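Some notes on the structure that comes next.
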Amino acid sequence: MKKAPAKMKKAPAKMMKKSPAKKALVGNQKNLPDNLKKKILAVDETKKSALEMKKSAMKMKKESMAMMKKSAMMMKKVSAMKMKMKKKK
């Protein structure tokens, strides 16, 4: 009988490699012309801002899902109260 292959665990975020957006210029990159240095650093800043936008979008999605659950619970309560009122009549 064959065994199922073992599933690989994902590495925790703190153990993952640093993102290129968080790294400074490395090696001989400091010897590059200023215009190229600025372009490299500008790309890094763009990546950072895109990551921040993604995080904020995920946070907003999470908050909206919580609000939707809350409103659904309220609607259930209201419909249950209406049913009770009809039964009492």
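Using the C-alpha atoms of region 31-88, what convex hull volume per residue, in cubic angstrom, is computed?
Working: hull volume 2.2 nm³, N = 58.
Per-residue hull volume (Cα only) is 38 Å³.
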Check: Roughly what would the spin-label model give for Ser64 and Asp34, points 7 Å off Cα along C-beta, in nm?
Finding: 4.5
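Test of understanding: what is the full-extension gain from Ser71 to Met85, defined as 0.36 nm times their sequence separation minus their Cα-Cα distance?
Separation in residues times 0.36 nm, less the Cα-Cα distance, equals 2.9 nm.
Laboratory data are not the source of any read-out in this text; all were calculated from the coordinates shown. Only a predicted model underlies this, so the values are computations on that prediction, with no experimental measurement involved. Cβ sites come from the backbone with ideal geometry, for glycine too, and all protein chains shown count toward neighbours.
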